Amino acid sequence: MKKTLVLALFLGLAIGNCKSKAYSQEECDAALSSAFVAIEEEAKKNPQAAPLLAGLQQGKAKMVDQCMEGKFDPNCLKNAPGITGIMACVKK
């Protein structure tokens, strides 16, 4: 009985510790900087996107943290063509 309990506890901990891959701050900073260049180019063509860009820039530090937690894929962010591209990079 104790072996079964220990095994169940071990499996619960192992499954609970499964996370998305975490990335370094450098990877995430570089990827988001690249993505923001694309967004800024998009905002130049569409002046209505300026407020959205400003909001994203204010949240950039939080986005870096989320990327480091594995909620964004830096490789996807580097290739993101703009705002909609970033949204496609969010891992669920």
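Worth pointing out:
- Checking Q66, Q48 one by one, the residue that is surrounded by 13 or more Cβ atoms within 10 Å (Cβ to Cβ) and free of Cβ contacts under 8 Å to residues at least 40 places away in the same chain is Q66 and no other.
- D73 vs. criteria open to solvent by 70 Å² or more (accessible area, probe 1.4 Å), more than 15 Å from V37 (Cα to Cα) and charged (D, E, K, R): no
The values are calculated or read from the model by the stated rules, or taken from the named source; none is laboratory data. Here the structure is a predicted model, which means the values were calculated and not measured. Cβ: placed from backbone, ideal geometry, glycine included. Neighbour counts: every protein chain shown. What goes into the accessible areas is simple: the full protein's heavy atoms, side chains included, and nothing from ligands, DNA or RNA. Shrake-Rupley method; radii C 1.70, N 1.55, O 1.52, S 1.80 Å.
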